[in-house]
Amino acid sequence: MEYAVQGTLDELGTPLSQITFVVFDLETTGVSAGEHAITEIGAVKVRGGEVLGEFGTLVDPGSPIPPFISVLTGITDSMVVGAPKIESVLPSFLEFARGATLVAHNAGFDLGFIKAACAAHGYPPPTHPVVDTVALARKLLTRDEAPNCKLSTLARIFSKTEPCHRALADAQATVDVLHALLERAGAFGVHTLEELKGFVRAPTPEQRRKRYLAETMPASPGVYVFEDERGEPLYVGKSTNLRNRVRSYFTAAETRPRIREMIGIVERVRPIVCATPLEAEVRELRLIGSAKPRYNRRSRFPEKMVWLKLTDEPFPRLSIVREVKDDGAGYLGPFTSTRAAEDARAALHEAVPLRQCTERITPRTGRSACALAEIGRCGAPCEGRQAVEEYGLHVATARQAMETDATAVMSALEARMERLALDQRYEEAAADRDRLASYVRTSARMQRLRALTALPQMVAAAPAANGGWEIHVIRHGRLASAGVMPKGAHPTPFVDALVATAETVVPGPGPVPAASAEETECILRWLESPGVRLVQVEGDWSLPVGGAGRLKARIDRAYQALEPHRPHEGRPAR
């Protein structure tokens, strides 16, 4: 006869109600734990839903705080002048957290800075158990409940404390988020810390049951399409190894709530083998754009891109449109949202005094001038104060700023931000910063796209893993053909055959005349990767000397300091 053996307390685990959690948040001078420093630490100690204590202090980072960080957090150099340095704060924080389970939102970021500080000042790295509320939220929440897992989004749902990029307030909001998520986890039988860790990592029953769907996948580059029982695409992806990638969807590594939901209704996975990884990436974009699978988040609606148009009329203005026409007008874009286009338009208006009214104006028809004329922001062509020729000088400047030279806009916005910062009008300066960023990034993007789409044909090659060559034919920024030349083969007949069988591409109007902007950008990334050789180029592949590309790096560095982790698909931001 067999007798059941009662488990020990250690085997049962520690009830969550008895766990002491230290929920903490940091503010820093940038994104790199190795290069940047902590400016503030905030922490809340809780157990059983009760707050046991709080820890909060500013920290002298030992270097100037970037202005964009000060705009974001409100923490300035003057505020941290008398604050203790991290070598004084760190022992107190470690003592506050001793014996507790650490909790943070996007814990890898905050814990990375704590570990770097410990290493720099002779302390052993923390070995506390860690709970990441981002990972927990991704496991428990659907997109209908929360469109993303940013702290600000979750706090609006679960907390009365609004995150404000100050450490203690953000930690307090995270406490409320943690308690709400733990309550949800209880409905899944999660009552101990050990069960909580396993719950975050464990695959669902559906994932285990449907692993057989990956068995027939080839170990080749290509596109995979998850389909329901009717054959409708649910999700489209790409990989350099279809078998390994599709298998990963049925393991504990796949934790995205919407993908786990999709696994529950998928009935088959259809592979589309491609000659090269670039072809797979392009096919993925085209399939997502045409089929619009409901579980894909990105690239579903390329037709919803918007453009900034310099209208074709006697007194042109900047208009936001959804379609590029062959009408001789100037275009800037594409923008991912109307808001981004409005920001770029505001930046251009700061540098060029174009009219901002929406009515069509001719030399024979006019109306009363608006307030912009009175403050020198418009020459009032509506009242006849400017002739077509004089106004045309501003139009030429605007077109130049949109297409080839970003200097005028950059100089005008930088001068305005400097004046606003001196007057301590930081919110207005931040708004101008965002407008400038929208303009510079989009202008740089369009100039890169146009440089490639202007070429009737390009043939390029890159070394393949088997010793051969991946060869692609590109026409007006569109992938027209792809193939892998075997090792030792003569290149001329192979390239000639690939060109002869390539897709015929008839370009349309605008900077992206034959493919989506995303497809052309995929091709550009491949062309700029190590080892790529140009085989044939029809035309000149070049960028304007005064273009926005030279300014984009400055903008990006500033925003990296503002946002420790940018949101990517499947990885929310702080």
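The values are calculated or read from the model by the stated rules, or taken from the named source; none is laboratory data. As the structure is a prediction and not an experimental result, all values here were calculated from the model. When we count neighbours, we look across all protein chains shown, and the Cβ atoms used for this are built from the backbone with ideal geometry, even at glycine. Surface accessibility is based on the protein's heavy atoms, side chains included, excluding ligands, DNA and RNA. Shrake-Rupley method; radii C 1.70, N 1.55, O 1.52, S 1.80 Å.
Reported count of residues in segment 519-553, each being surrounded by 12 or more Cβ atoms within 10 Å (Cβ to Cβ), assigned to a helix (DSSP H, G or I) and modelled with pLDDT under 95, is 4. Count of segment 249-281 residues, restricted to those that are part of a helix (DSSP H, G or I) and not small (Gly, Ala, Ser), is 11. Restricting segment 441-490 to residues that are β-branched (Val, Ile, Thr) and in contact (Cβ under 8 Å) with a residue 40 or more places away in the chain, the residue that is nearest to Val512 (Cα to Cα) is Thr453.
May I ask you to list the residues in segment 307-332 that are charged (D, E, K, R) and either surrounded by fewer than 19 Cβ atoms within 10 Å (Cβ to Cβ) or at positive phi (or both)?
Hits for segment 307-332 are Asp312, Glu313, Arg322, Glu323, Lys325, Asp326, Asp327.
When Val473, Val499 are checked against the criterion of being more than 18 Å from Arg283 (Cβ to Cβ) and β-branched (Val, Ile, Thr), a single residue qualifies: Val499.
Open to solvent by 60 Å² or more (accessible area, probe 1.4 Å), closer than 30 Å to Val223 by Cβ and not polar (S, T, N, Q): is that true of Phe335 in this structure? When the stated conditions are applied, Phe335 does not pass them. Out of Thr20, Thr39, one residue alone is touching a residue at least 40 places away in the same chain (Cβ under 8 Å) and more than 29 Å from the chain's Cα centre (by Cα). It is Thr20. The residue of segment 295-333 that is modelled with the lowest pLDDT, among those that are in contact with a Leu (Cβ under 8 Å, 6 or more places away or on another chain) and basic (Lys, Arg), is Arg317. Segment 46-157 holds helices (runs of 4 or more DSSP H) entirely within its bounds, and those carrying 3 or more residues that are more than 30 Å from Glu418 (Cα to Cα) and not aromatic (Phe, Trp, Tyr) map to 86-96, 107-120, 133-140. Scanning segment 435-442 turns up at least one residue that is of a type outside the set (S, T, N, Q), open to solvent by 10 Å² or more (accessible area, probe 1.4 Å) and closer than 30 Å to Val352 by Cα. Just one of the listed residues (Glu206, Glu195, Glu162) is open to solvent by 30 Å² or more (accessible area, probe 1.4 Å), modelled with pLDDT under 90, over 22 Å from Ile265 (Cα atoms) and outside any loop (DSSP other than H, G, I, E, B), namely Glu195. Considering segment 487-506, the residues that are at pLDDT below 95 and surrounded by 12 or more Cβ atoms within 10 Å (Cβ to Cβ) include one that is nearest to Leu455 (Cα to Cα), namely Pro491. Taken over segment 491-501, the criterion of being over 14 Å from Gln536 (Cα atoms) and in contact (Cβ under 8 Å) with a residue 24 or more places away in the chain is satisfied by no residue.
None of Arg201, Arg138, Arg143 is surrounded by fewer than 19 Cβ atoms within 10 Å (Cβ to Cβ), at pLDDT below 90 and in contact with a Lys or Arg (Cβ under 7 Å, 6 or more places away or on another chain) except Arg143. Residues in segment 423-434 that are open to solvent by 10 Å² or more (accessible area, probe 1.4 Å) and not small (Gly, Ala, Ser): Asp423, Gln424, Arg425, Tyr426, Glu427, Glu428, Arg433, Asp434. Residues that are more than 22 Å from the chain's Cα centre (by Cα) and of a type in the set (Ser, Thr, Tyr) do not occur anywhere in segment 254-275. If the condition is being among the β-branched types (Val, Ile, Thr) and either free of Cβ contacts under 8 Å to residues at least 40 places away in the same chain or open to solvent by less than 10 Å² (accessible area, probe 1.4 Å) (or both), then segment 217-259 contributes Val223, Val225, Val236, Val246, Ile259.
The set of residues from segment 282-310 being among the basic types (Lys, Arg) and not in a helix (DSSP H, G or I) comprises Lys292, Arg294, Arg297, Arg298, Arg300, Lys309.
Scanning segment 466-476 turns up at least one residue that is modelled with pLDDT under 95 and open to solvent by 20 Å² or more (accessible area, probe 1.4 Å).
Selection of segment 166-213 for residues being touching a Pro at 6+ places or on another chain (Cβ under 9 Å) and of a type in the set (Gly, Ala, Ser) yields Ala169, Ala173.
Listed by position, the helices (runs of 4 or more DSSP H) enclosed by segment 379-454 that each have at least 3 residues that are among the basic types (Lys, Arg) are 426-453.
Let's see how each residue does on (1) touching a Pro at 6+ places or on another chain (Cβ under 6 Å); (2) over 17 Å from Leu551 (Cβ atoms); (3) of a type in the set (Lys, Arg):
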| position | (1), (2), (3) |
| --- | --- |
| Glu428 | no, yes, no |
| Leu436 | no, no, no |
| Arg445 | no, no, yes |
| Gln457 | no, yes, no |
| Gly468 | yes, yes, no |
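Taking segment 17-39 as the range and being open to solvent by less than 20 Å² (accessible area, probe 1.4 Å) and either outside any loop (DSSP other than H, G, I, E, B) or not polar (S, T, N, Q) (or both) as the test, the residues that pass are Ile19, Phe21, Val22, Val23, Phe24, Asp25, Leu26, Glu27, Thr28, Gly30, Ile38, Thr39. For segment 338-351, enumerate the residues that are exposed (fewer than 15 other Cβ atoms within 10 Å of the Cβ) and in contact with a strand residue (DSSP E or B) (Cβ under 6 Å, 6 or more places away or on another chain). If the condition is that a residue be exposed (fewer than 15 other Cβ atoms within 10 Å of the Cβ) and in contact with a strand residue (DSSP E or B) (Cβ under 6 Å, 6 or more places away or on another chain), then Thr338 is the only one that fits. A single entry from Phe109, Phe96 fulfils the requirement of being surrounded by 16 or more Cβ atoms within 10 Å (Cβ to Cβ), among the hydrophobic types (A, V, I, L, M, F, W, C) and touching a Pro at 6+ places or on another chain (Cβ under 8 Å): Phe109.
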